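Take a look at the structure set out below.
The values are calculated or read from the model by the stated rules, or taken from the named source; none is laboratory data. Fair warning: this is a prediction, and the values are worked out from it, not measured in the lab. Every residue, glycine as well, gets a Cβ built from its backbone with ideal geometry; the counts of neighbours run over all protein chains shown. All accessible areas refer to the heavy atoms of the entire protein, side chains included, with ligands and DNA or RNA removed. Shrake-Rupley method; radii C 1.70, N 1.55, O 1.52, S 1.80 Å.
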Amino acid sequence: LVSTQGTRDYSPKQMAIRERVFNAIISCFKRHGAEVIDTPVFELKETLTGKYGEDSKLIYDLKDQGGELLSLRYDLTVPFARYLAMNKITNIKRYHIAKVYRRDNPAMTRGRYREFYQCDFDIAGQFDPMIPDAECLKIVHEILSDLQLGDFLVKVNDRRILDGMFAVCGVPDSKFRTICSSVDKLDKMPWEEVRSEMVGEKGLSPEAADRIGEYVQLHGGLDLIERLLQDPKLSQNKLAKEGLGDMKLLFEYLTLFGITGKISFDLSLARGLDYYTGVIFEAVLLQQENNHVEESVSVGSVAGGGRYDGLVGMFDPKGRKVPCVGVSIGIERIFSILEQRVEASEEKIRTTETQVLVASAQKKLLEERLKLVAELWDAGIKAEVLYKKNPKLLNQLQYCEETGIPLVAIVGEQELKDGVVKLRVVATREEVRI
């Protein structure tokens, strides 16, 4: 017997790690004043159709039983937009942690599942530019620092800068999206290969590809933004100019938050999803490449997000728009990193929270143990008792060692006579009578 292809069971040990991660993330979301919502695991098929661009083929359809056509949710963003439009909400800051489904081919891609968790934080509403966007980046910075996953970098770009760049480089409108998804592969492929995909497979002129190449290999901070605002070609394009103006504002706010050291304005960042309209960002973990401190390589994305001002309007019958910006934390990738780390360090992970085991040293004391354990439970104390009439004291102490229970409350005939309980610290064996 195995679990279904592309899914996984979580053992108590994995759940303990998962809970630790969730708690860190949720406390960050709450620290930033977010409310929490939940939505159904399936949506009307039409709700999801046409929102994910080339990825739509991965949507999991449910077998129709003569009613409506349904699909399992593919992410938490589209259901959020549907929820806002349906309830006419124009303003909310929310988080949502839940499983999503993708009909990926899991055998090919390690660490990618058909059922996995997403952790989303979004700010919806009409606000002054780039303040919510800056807060989303601050949240990513806080969570990745808090989880101590190692060095990371958050790459930031803007859809308008990309579209403006494509325009001035001579990419026809009809090819924006498909060229965009080629650019998006630059973190995995060298420029030469991306260029030949654009020219060979997607029919872009070599001149346009070379012009794109000059831009997409640039990355930096405020200095680069200033330089591009002066760029003779880009500054003539309305979209690019708007995007660069906002990017400058964003970096000013990030400077105030004190996090620009880990943030890079990167013109190659394209994020495949169709619904982004403004700022986009992606956080990657870095690994030092063979002792050269300055050479660090990305070991994969652990968070991503951006601004999607048009999505809610797609669900509203009157087309009313609600501007939104949000971030999704790549929890699965984070789990597997922490799991590997725990394996490597041989750190013992407790899978229960029991504080005390109620034990006895002699026979015929089951009733006393049950009375005492009930008293502890009723007082809100996490307690256990062995399910055996006359367990040996040694076995009871061994159980504590195995599961990490720190205290034993021992009742014996003498203790009962004296009206006390002997409390023993398992690790040091020191005892007090209470």
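For residue 152, the residues whose amide H sits under 5 Å from its own are 286, ignoring neighbours fewer than 5 places away on the same chain, with H placed 1.01 Å from N.
Largest mean-square fluctuation among 275, 113, 399, in a Gaussian network model of the chain whose springs join Cα atoms under 10 Å apart, belongs to 399.
Put simply, the convex hull of the Cα atoms in the range 48-142 casts, on average, a shadow of 8.4 nm².
Taking the protein heavy atoms of the chain in the context of the full set of protein chains, the accessible area attributed to carbon and sulfur is 51 percent at 1.4 Å. Solvent-accessible surface of the range 12-345, taken per residue with a 1.4 Å probe and all protein chains present: 47 Å². For the range 356-433, pairs of C-alpha atoms spaced more than 14 angstrom apart make up 58 percent of the total.
Residues whose amide H lies under 5 Å from that of residue 158, counting only those 5 or more places away or on a different chain, are 280; hydrogens are built 1.01 Å from N in the peptide plane. Helix 77-86 axis versus longest C-alpha principal axis of the chain: approximately 80°, rounded to the nearest ten. Here's how it looks for residue 218: its modeled amide H is under 5 Å from those of 267, which are all 5 or more places away or on a different chain. Take every Cα pair under 8 Å whose residues are at least 6 apart in sequence, average their separation, divide by the length of the range 356-433, and the relative contact order is 33 percent. What does the C-alpha gyration tensor say about the overall shape of the range 215-355? Classify as rounded when a/c is under 1.5, otherwise prolate if a/b is larger than b/c, or oblate. Here the range 215-355 falls in the oblate category.
The value of relative contact order for the chain, using C-alpha pairs under 8 Å at least six residues apart, is 16 percent. In order along the range 331-339, the phi-based Karplus estimate (6.51 cos²θ - 1.76 cosθ + 1.60, θ = phi - 60°) of 3J(HN,Hα) comes to 5, 4, 4, 5, 3, 5, 5, 5, 4 Hz; Gly and Pro are listed as x. Taking 7 Å steps out from each Cα toward its Cβ at residue 433 and residue 350 produces label points 2.8 nm apart.
Could you give the angle, 0 to 90 degrees to the nearest 10, between helix 12-31's Cα long axis and the longest principal axis of the Cα atoms of the chain? Here the helix axis deviates by roughly 60 degrees. Mean residue ellipticity, 222 nm, helices only, the chain: the sum of -39500 (n - 2.57) across DSSP H runs of n ≥ 4, divided by residue count and rounded to 500, is -11500 deg cm²/dmol. Against the chain, whose longest principal axis comes from its Cα atoms, helix 238-257 is set at around 30 degrees. Extending 7 Å from the Cα toward the beta-carbon at both residue 236 and residue 217 defines two label points whose distance is 2.4 nm.
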